[in-house]
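All remarks here apply to the structure that follows.
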């Protein structure tokens, strides 16, 4: 998380709009995707509801450039910080026994 925070914080708005390689995702899309995936951990791990379920369609269900306009870099950075702060807080309150419980992405067969 620290490395990602550092990389995102050091990037300019222009850099966020660049593709990581020709024909690949833009950095802004990667930020949104990582934020949406981290946010989904709230429900997968039974820690509560997602903070930003609206990111699912744009950053998980659709590829980069399928939906425009994207949220601003400032808005996504705020979501990134809020989601990761929430998860860190909730992880800190879990007991060792809690970590061994079945997560919500597992079926009864699993």
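Summary of the geometry: region 34-110 and region 1-28, compared by the centres of their Cα atoms, lie 19 Å apart. Relative to the longest principal axis of the Cα atoms of the chain, the long axis of helix 73-92 makes an angle of roughly 20 degrees.
Relative to the 2.2 N^0.38 Å rule of thumb, region 45-101 has a C-alpha radius of gyration ratio of 1.42. The angle separating the long axis of helix 27-44 from the principal Cα axis of greatest extent in the chain is about 10 degrees. Just so you know, the Cα atoms of region 2-99 work out to an Rg and Dmax of 14.4, 46 Å. Highest mean first, the peptides 29-36, 18-25 sorted by other C-beta atoms within 10 Å per residue fall in the order 29-36, 18-25.
Estimated purely from DSSP H runs of n ≥ 4, each contributing -39500 (n - 2.57), the mean residue ellipticity at 222 nm for the chain is -15000 deg cm²/dmol once divided by its residues.
Only the coordinates and a few stated rules stand behind these numbers; no lab work does. Keep in mind that this is a model prediction, so the values were computed, not measured. Neighbour counts are summed over all protein chains in view; Cβ atoms, including those assigned to glycine, are modelled from backbone coordinates with ideal geometry.
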